[in-house]
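**Q** Can you keep this structure in mind? I'll have questions shortly.
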Amino acid sequence: MKSLILTALFLMAPSVFSQHLEGVLTQVYGDPQADSQDARINYYLNSNDRSWRLDISQTKLSQQSIRSLLNQPVQVIIDDDQQIYSDQSLISVLSIEPDLSRSGLAPKAVILGTKPWVSVLCKFKDRSNETEPLNYFQNMYANLPAGLDHYWREVSYDQINVVGSNAYDWVTLPKNRDEYLDVNNDPDLSQMFDDCIAAVDALVDFSDNGFGQAYEGINMMFNDTFGCCAWGGGRYETLDGLSKLWRVTWNPPWAIHKQGTIAHEMGHGFGLPHANNSDGDSNPYDSPWDVMSSSGGYSVNDPVYGLLGKHINMSYKYNLGWVTDAVGYIANPSSQQIVTLEYTAKASSPHPRFIRIPLNDGTNYFVEARKKVGNYEANLPGNAVIVHHVDWNRNEPAWVVDGDNPPANYADTEGVMWKVGETFYDARDGYQVSVLAVTTDGFQIQINGPYGLPDLIFADGFESP
Ligand SMILES: [Zn+2]
């Protein structure tokens, strides 16, 4: 693999040129322990030399544009006057452009097949406790209920597994805990990654998990908190001679004891953003219907691994390639169709798993059935049809639709649960989704497009659900 080089620049003297840096753009989400706190998003430029954290607030890039650049080789343009020091942690960026000279590095959004992860357990130099013994972390990957292999197989309908994952015993970092935190109590995730990987490198071959496959991701487990959050995302790095995007998480003890959070961070590693409700606030942790929102809300509690992950909304599964239009019903403006929708957690389904409603503005609704059943969904707020409006130009593309006005602060209310006799009236394009009946494995749904509406609806006018 050709090495990526930081071109131009940086020394102590200001440059008279437009400065640019080259590398791979990655994103890492920070999730606080309490769902009431806001999420954090860090951006990094990864080169083989180091990883720079970027302040992209001046770029005015849309979410769509940022997403199109993630995990790709890019050129980052910075202010002429900005001096960049070798130990600088945050670089202010004017614009980001794809580096067309370095194509072919980007992973696809689709995630399919065997994706082994490795857990590396790192103790801060001044903290000797070991949060859990090695076998706790090894068994965390089991193909048994609560185990991550079992979990990812279920939520992906066996489209992915984490067979070949492993964990390695505790090693000690070269620095004390507080040395990784800045004055704002924010962690230097790059330094933590570098030091943790260096500490285990003699034990782990990241390029070969023992079964001839490189690890897909790295779950870093730490023995104390490091600021607000657990973190998950991507990092481009050369490890054991292999240069690629590694899916990476940074986990404090509270996350280690909550499988739903580990699943959430691995979800960020797989490229998933947050899901959300529709209340319009800045907090993305207020939908209990998605592990990528409230990761522990209405979760099944396992005596060993804590609050477990739930399913992921259908639009994200669609984006990862775990469901396709072939297993859904795709509505159109002339639709006048009764669909038997099977509940999300069902392993195999003779009926559609979802209804996708493409809208004129390029966004979609995804309609799915949820049932309080099984290892991961048994504690959901109810058995109901759930509708997500999905706009990939938002920070959190999938928002649970709420029939109440104003929408609830937390989406466990009747307003988000569409039940027999209720109709969701779409105000954008005029679709109607009516829940006709409960079936053995889901709900019977009537979907009418704006040109497929029965005449009597127009004659009688609209009624509220
Ligand atoms: Zn998150």
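Laboratory data are not the source of any read-out in this text; all were calculated from the coordinates shown. All values derive from a computational prediction rather than experimental measurement. Quick reminder, even Gly has a Cβ in these numbers, built from the backbone with ideal geometry, and neighbours come from all protein chains shown.
**Q** Considering the stretch 88-209, what Rg and Dmax in Å follow from its alpha-carbon atoms?
**A** Rg, Dmax (Cα atoms, Å): 18.2, 48.
**Q** Please list log₁₀ I(q)/I(0) at q = 0.15, 0.17, 0.18 Å⁻¹ for the stretch 269-358, using the Debye equation with identical point scatterers on the alpha-carbon positions.
**A** Values, matching the q order: -0.71, -0.88, -0.95.
**Q** Continuing with the same structure: Give the dimensionless ratio obtained when the Cα radius of gyration of the stretch 155-259 is divided by 2.2 N^0.38 Å. Before the final figure, lay out the partial values.
**A** Details: Rg = 14.5 Å, N = 105, 2.2 N^0.38 = 12.9 Å.
Here the Cα radius of gyration is 1.12 times the empirical estimate.
**Q** Shifting gears a bit: Rounded to the nearest 20 Debye, what is the dipole magnitude of the chain about its Cα centre when Lys and Arg each give +1 and Asp and Glu each give -1 at the C-beta? Present the calculation step by step, with values, prior to reporting the outcome.
**A** Values: 30 positive and 57 negative charges, 199 e Å.
Charge dipole of the chain: 960 debye, to the nearest 20.
**Q** If the viscosity is 1.002 mPa s and the temperature 20 °C, what Stokes-Einstein diffusion coefficient in µm²/s follows for the stretch 113-307 when Rh is the Kirkwood radius over Cα pairs? Spell out each step's value before the answer.
**A** Working: Rh = 17.1 Å.
So the translational diffusion coefficient is about 126 µm²/s.
**Q** Let me ask something additional. Quick one: Debye curve from the alpha-carbon atoms of the stretch 284-331 only, equal weights, vacuum; give me log10 I(q)/I(0) at q = 0.13, 0.21, 0.31, 0.33 Å⁻¹ to two decimals.
**A** Calculated log10 I(q)/I(0) at the listed q: -0.39, -0.75, -1.03, -1.10.
**Q** What's the longest piece of the chain with no exposed trypsin sites (Lys or Arg not before Pro), counting a site as exposed if DSSP puts it in a loop and it has at most 11 other beta carbons within 10 Å?
**A** Numbers: sites that count: 2, 60, 108.
With trypsin sites (Lys or Arg not before Pro) excluded where exposed in loops, the chain gives 109-465 as its longest stretch.
**Q** Across bins of 10 angstrom width beginning at 0, how are the C-alpha pair distances of the stretch 198-249 distributed, in whole percent?
**A** 22, 51, 24, 3
**Q** Taking the Cα atoms of the stretch 19-98, what is the range of coordinates along each of the three principal axes, in descending order and whole Å?
**A** 40, 29, 24
**Q** Continuing with the same structure: How compact and how long is the stretch 220-269, expressed as Rg and Dmax of its alpha-carbon atoms in Å?
**A** Taking only Cα atoms of the stretch 220-269, I get Rg and Dmax of 11.8, 33 Å.
**Q** A follow-up question, please. Two decimals is fine: what is log10 I(q)/I(0) at q = 0.09, 0.12 Å⁻¹ for the chain, from a Debye sum with one equal scatterer on every Cα and no solvent?
**A** Relative scattering, expressed as log10 I(q)/I(0), comes to -0.62, -1.04.
**Q** Right, next: Which percent of Cα-Cα pairs in the stretch 326-460 sits in each 5 Å bin, short to long?
**A** Going from the shortest bin to the longest, the percentages are 2, 10, 20, 23, 22, 15, 6, 2, 0, 0.
**Q** If you wrap a convex hull around the Cα atoms of the stretch 257-414, how much volume per residue is inside, in Å³?
**A** Numbers: hull volume 19.0 nm³, N = 158.
Measuring per residue, one finds 120 Å³ for the Cα hull of the stretch 257-414.
**Q** Using R₀ = 22 Å, calculate the FRET efficiency as 1/(1 + (r/R₀)^6) where r is the Cβ-Cβ separation of residue 325 and residue 405; round to 0.05. It would help to have the intermediate numbers written out before the result.
**A** Working: r = 32 Å, r/R0 = 1.46.
So the FRET efficiency works out to roughly 0.10.
**Q** Once both labels are modelled 7 Å past Cα along the beta-carbon direction, what's the residue 427-residue 439 spacing in nm?
**A** 3.1
**Q** What nm distance separates the two modelled labels at residue 114 and residue 420, each placed 7 Å from Cα along Cα→Cβ?
**A** 4.6
**Q** Determine ³J(HN,Hα), in whole Hz, for all residues of the stretch 34-47 in sequence, where each value follows from phi through the Karplus function 6.51 cos²θ - 1.76 cosθ + 1.60 and θ = phi - 60°; x replaces Gly and Pro.
**A** Each residue's phi maps through the Karplus curve to give 8, 4, 6, 8, 7, 7, 10, 10, 10, 10, 10, 9, 9, 10 Hz.
**Q** Normalise the Cα radius of gyration of the stretch 311-375 by 2.2 N^0.38 Å (N = residues in it) and let me know the number. Mind dumping the intermediate values first?
**A** Working: Rg = 12.0 Å, N = 65, 2.2 N^0.38 = 10.7 Å.
Compactness ratio reported: 1.12.
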